[in-house]
Amino acid sequence: MDLVPTPSQTVGPFFHFELTTGEHCIKCIAGPQIQGERVWLTCRVLDGEGAPLNDAMLEIWQADANGKYNHPDDLQPKTVQPSWVGFGRLATGEDGSCEFETIKPGRVGHNVLQAPHLNVAVFARGMLKQLYTRIYFAGDPANPEDPIFALVPGERRGTLMAQPDPARNGHWHFDVHLQGEQETVFFDV
């Protein structure tokens, strides 16, 4: 009997069938009643050659403007704002991008404060596990004090920075490069 190899296949993106539609699609992380600096964040996912991925999915978790997560593991003696969720999930469109509406998070931490940031999980075809990264805000004076940010080599820190849109107040852009010279820094969690 001759063994014939089967064709290889990439993984997914099966999440488009259910996780990015209806109630599972969460664009507005912070509704209008939530206090804080309003932010519209456009994220774009690119492959190793710089081509946009139109079938990726991003999940974002973040603290509120006071630096408190809406999660039972956040034991800080702060109160979470009523109706604060702190979670968003979107699929990328044909141009590889999606836009979240949120607020700029406060600094989090117990003994050492971290700079305002968003935690991001990236799901895309061909990946068996999601990738984790962070989004920091370019120019924030707390960035140099962040202990996690300090672990990243200086020449790679720019891959974690959202850049402000000079034409639109409150709008920021962040590119996720999955591979290549501009590859985004990803963290083992």
Would you calculate, for the chain, the mean residue ellipticity at 222 nm contributed by helices, counting each DSSP H stretch of 4 or more residues as -39,500 (n - 2.57) and dividing by all residues, to the nearest 500? -500 deg cm²/dmol
Directionally averaged projected area (convex hull, Cα atoms, the stretch 36-120), nm²: 6.6 nm²
Quantify how much of the Cα-Cα distance distribution of the chain extends past 29 Å, in percent. 24 percent
Report ³J(HN,Hα) in whole Hz for each residue of the stretch 64-79, in order, from the Karplus equation J = 6.51 cos²θ - 1.76 cosθ + 1.60 where θ = phi - 60°; Gly and Pro get x. 7, 5, 8, x, 10, 7, 8, 8, x, 6, 7, 9, 4, x, 10, 9
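Report, in listed order, any pair from Lys78/Lys104; Lys27/Lys104; Lys27/Lys78 with a Cα-Cα distance greater than 21 Å.
Numbers: Lys78/Lys104 17 Å; Lys27/Lys104 15 Å; Lys27/Lys78 25 Å.
Distance filter (> 21 Å) returns Lys27/Lys78.
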Per the 1.4 Å probe, what fraction of the accessible area of the chain, in percent, lies on carbon and sulfur atoms? 54 percent
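Please give the per residue accessible area of the chain, computed with a probe of 1.4 Å over protein heavy atoms only, in Å². Write down the numbers at each step before the final one.
Values: 10690 Å² over 189 residues.
The answer is 57 Å² per residue.
Just to verify a number: FRET efficiency for Ala51 and Leu75, C-beta to C-beta distance, R0 = 30 Å, to 0.05? Could you put the intermediate results ahead of the total?
Numbers: r = 43 Å, r/R0 = 1.44.
For R0 = 30 Å, the calculated efficiency reads 0.10.
Taking Cα atoms of the stretch 124-189, Rg/Rh with Kirkwood Rh, to two decimals? Intermediate values should be presented prior to the final figure.
Details: Rg = 13.1 Å, Rh = 13.2 Å.
Taking Rg over the Kirkwood Rh, I get 0.99.
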Among DSSP beta bridges whose residues both lie in the chain, state the antiparallel percentage, nearest 5. 75 percent
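The values are calculated or read from the model by the stated rules, or taken from the named source; none is laboratory data. As the structure is a prediction and not an experimental result, all values here were calculated from the model. Because the Cβ atoms are built from the backbone with ideal geometry, glycine has one as well, and the counts that use them run over all protein chains shown. SASA here: full protein model, heavy atoms, side chains in, ligands and nucleic acids out. Shrake-Rupley method; radii C 1.70, N 1.55, O 1.52, S 1.80 Å.
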